[in-house]
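The values are calculated or read from the model by the stated rules, or taken from the named source; none is laboratory data. Remember, it's a predicted structure, so these values are computed and weren't measured experimentally. We place every Cβ from the backbone using ideal geometry, glycine too, and count neighbours over all the protein chains shown.
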Amino acid sequence: MNGKGEAAIHRAIDAVWRMESAKIIATVARMVRDVGLAEELAQDALVSALEQWPEAGVPDNPAAWLTAVAKRRALDRLRHLQLAGHKAGEVGREFDARHEMAEADLAEAVDAALDDDIGDDLLRLVFTACHPVLSTEARVALTLRLMGGLTTDEIARAFLVPEATVAQRIVRAKRTLLEARVPFEVPRRHELEARLASVLEVLYLIFNEGYSATAGDDWMRPALCDEALRLGRIVAELVPDASEVHGLVALMEIQASRAAARVGASGEPVLLLAQNRARWDHLLIRRGLAALARAEALGGAFGPYALQAAIAACHGRARTAEDTDWPRIAALYDALAELSPSPIVELNRAVALSMAFGPASGLEVVDALVGEPALQGYHLLPTVRGDLLFKLGRRDEARREFDRAASLTRNTRERALLIARAKACVAGPEDG
């Protein structure tokens, strides 16, 4: 095979792996009850594809081929461990003497290999990767690795941390799950809501990092938004009766609809009120509104994600910035502040109040947050305060706030925007 043909097959393998690796790992994890070992066996199947497909060609159903190979490797591993001379019922060193597998269990694993209960397997994998026993950073890294199919290098570049740091987080996460004997299962009903909250938190963190990058040279990292949205849609299919899942998906769909309009031709940030709404993805808005309607139909209209989605929907429905229903947004933020009080929600509420009732009403709320410990070092506090002061004609104060915000942000694009806003405070006449 020539170089072009082999390169095309490698691209096909990469594409299949990115789309199907979570299902393969989930299927194997149900058999071996160890997420780390499951990923290793799935990677073995990937290596087999890289060795065989350039000569034999891509199979008609490449995902099924990879899954079948990974299952066979898993069964071979289990049988080998049974025959390796360890005492009956005990799997050896590879399970770190923590898992037991009698003959009946091996038979059960064989039966599992013949099943195609992919939905349940994926749901188990989601809850395992996002288990609260792991740190937030570990949950994010492991979820992107197992569910998103991202490499450690891709995750590291997305979050601007060394690849070795991400690799260490993933290794430690797998070890922690094994040592804590976290079962590969969907939580019992009484635990489901709390564990689901952890899953949604991870997806929300991934999406937000893509939507507004905390550091680096890019205002957005669309690939992270795409992964979070894809995983959110999967969870929504797997837990169709959980209203907050649909609320989060609605929020991400509507927010993602603005991606093309949030960045200018040179990569500079374009703020919401200045965006060309013709560039918004109206299919994503419709999908988001449908997901929000589903959340509301399930009785989740006042869940935290659904409330934020309802706020995003107000923007999505407005044909122009002037058409935005700011009084409704302010009321929704009132409800969100009552449900999930936090300094950041209060800061966002201040913006909504300023747009609905004038900058002085927003500034009153912001001034009450200046001494809030959680917002010390948070660049959006002086950003918002600077904007409100500018609108009130207090330009010297506004300039100082924008300069302070520029010194706090770690995002290069955002810093340039804030410096430009600071300069604008002394460029023109005072407002009345």
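In this structure, residue 410 does satisfy being at pLDDT below 95, within 30 Å of residue 252 (Cβ to Cβ), of a type outside the set (S, T, N, Q) and within 30 Å of the chain's Cα centre (by Cα).
Residue 403 meets the conditions (1) touching an Asp or Glu at 6+ places or on another chain (Cβ under 9 Å); (2) surrounded by 16 or more Cβ atoms within 10 Å (Cβ to Cβ); (3) in a helix (DSSP H, G or I); (4) free of Cβ contacts under 8 Å to residues at least 60 places away in the same chain in every case but one. The failed one is (1). Within region 239-284, the residues that satisfy the criterion of being in contact (Cβ under 8 Å) with a residue 12 or more places away in the chain, in contact with a Gly (Cβ under 9 Å, 6 or more places away or on another chain) and β-branched (Val, Ile, Thr) are 245, 249, 254. Residues satisfying the criterion are present in region 157-167 (criterion: surrounded by fewer than 14 Cβ atoms within 10 Å (Cβ to Cβ) and closer than 26 Å to residue 14 by Cα). The single condition from (1) under 29 Å from the mean Cα position of the chain (by Cα); (2) closer than 27 Å to residue 265 by Cβ that residue 420 fails is (1). Of all residues in region 219-277, those that are of a type in the set (Lys, Arg) and surrounded by 19 or more Cβ atoms within 10 Å (Cβ to Cβ) total 3. Scanning region 201-230 for residues being in contact (Cβ under 8 Å) with a residue 40 or more places away in the chain and in a helix (DSSP H, G or I) gives a total of 14.
Looking across region 10-25, the residues that are buried (at least 19 other Cβ atoms within 10 Å of the Cβ) and more than 18 Å from residue 228 (Cα to Cα) come down to 16, 24, 25. Selection of region 47-63 for residues being surrounded by 13 or more Cβ atoms within 10 Å (Cβ to Cβ), without any contact (Cβ under 8 Å) to a residue 24 or more places away in the chain and under 14 Å from residue 20 (Cα atoms) yields an empty set. Selection of region 144-182 for residues being over 25 Å from residue 121 (Cα atoms) and assigned to a loop (DSSP other than H, G, I, E, B) yields 160, 161, 162.
For (1) in contact with a His (Cβ under 9 Å, 6 or more places away or on another chain); (2) closer than 24 Å to residue 415 by Cβ; (3) of a type in the set (D, E, K, R), each residue gets a yes or a no:
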| position | (1), (2), (3) |
| --- | --- |
| 281 | no, no, yes |
| 284 | no, no, no |
| 298 | yes, no, no |
| 312 | no, no, no |
| 316 | yes, no, no |
| 330 | no, no, no |
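Considering region 132-143, and only residues there that are surrounded by fewer than 24 Cβ atoms within 10 Å (Cβ to Cβ) and among the β-branched types (Val, Ile, Thr), the residue that is nearest to residue 121 (Cα to Cα) turns out to be 133. Of all residues in region 344-377, those satisfying the criterion of being within 25 Å of the chain's Cα centre (by Cα) and either within 24 Å of residue 301 (Cβ to Cβ) or modelled with pLDDT of 95 or more (or both) are 344, 345, 346, 347, 348, 349. A search for C-beta distances below 9 Å between a residue of region 414-425 that is on the phi < 0 side of the Ramachandran plot and surrounded by fewer than 16 Cβ atoms within 10 Å (Cβ to Cβ) and any residue that is acidic (Asp, Glu) and modelled with pLDDT of 95 or more, counting only pairs 6+ apart in sequence or on different chains, returns 419/403. At least 3 residues being at pLDDT below 85 and among the charged types (D, E, K, R) is the threshold, and among the helices (runs of 4 or more DSSP H) wholly inside region 1-85 those reaching it are 3-32.
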